[in-house]
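Okay, so here's the structure we're looking at.
The values are calculated or read from the model by the stated rules, or taken from the named source; none is laboratory data. Treat the numbers as computed from the prediction; the structure is a model and nothing was measured. Every residue, glycine among them, receives a Cβ derived from its backbone with ideal geometry; neighbour counts consider all protein chains shown.
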Amino acid sequence: MLKTIDSVFTRYTNHPDFGRLLLRLTFGILMLFHGVAKIDHGVGWISALLEQKGLPGFIAYGVFIGEIVTPVLIIIGWLTRPAAFIYAFNILVATLLVGMGKFYSLTDVGAWALESEALYFLGGLCIMFLGAGKYAVSRQP
């Protein structure tokens, strides 16, 4: 009985390319909100953080690539794998800049304090390894 239920359920839900599309849209759209916030409020605070760490402040403008350009590329499915790599690298750098003090911390509800950052990072890696699928501007195997 359970095998039959599983077989029927799998038959109706086995759509890996739609899953890739949903993954791309979810992570791309959610990251775009962060990019739009950077357009609205600037990257001066990121530049200051970089300079505190001994890095040149102009690197902060790279956030526009990581939070606007790469999410758009991921959403449309063009250069998806390299865009997803840059996307994941962007969130890794952001976490190293502002979140490392939370590495061993939990929130008031018991969640890991870096849960969102981990989700974005691993989502980017999943997209990089899976590729765009057939619902994309450029189809990749």
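Side notes on the structure shown:
- Looking only at residues of the range 11-59 that are outside any helix (DSSP H, G or I) and on the phi < 0 side of the Ramachandran plot, we find that the one that is surrounded by the most Cβ atoms within 10 Å (Cβ to Cβ) is Val43.
- So Ile5, is it over 26 Å from Ala118 (Cβ atoms) and part of a helix (DSSP H, G or I): yes
- Given (1) over 18 Å from Ala132 (Cβ atoms); (2) modelled with pLDDT of 95 or more, index of the condition Ile59 fails: (2)
- Selection within the range 84-104 - exposed (fewer than 15 other Cβ atoms within 10 Å of the Cβ) and more than 26 Å from Glu51 (Cβ to Cβ): Tyr104
- Which listed residue is touching a Leu at 6+ places or on another chain (Cβ under 9 Å) and either within 28 Å of Leu21 (Cα to Cα) or not hydroxyl-bearing (Ser, Thr, Tyr) (or both), from Leu96, Leu79, Leu92: Leu79
Listed here are the residues, each with its yes/no results for (1) within 18 Å of the chain's Cα centre (by Cα); (2) touching a residue at least 12 places away in the same chain (Cβ under 8 Å).
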site: Leu49; (1), (2): no, yes
site: Val69; (1), (2): yes, yes
site: Thr80; (1), (2): yes, yes
site: Phe89; (1), (2): yes, yes
site: Leu92; (1), (2): yes, yes
site: Phe103; (1), (2): no, no
site: Gly124; (1), (2): yes, yes
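- Being touching a strand residue (DSSP E or B) at 6+ places or on another chain (Cβ under 8 Å) and either within 28 Å of Ser47 (Cα to Cα) or surrounded by fewer than 15 Cβ atoms within 10 Å (Cβ to Cβ) (or both) is a description that applies to Ala118.
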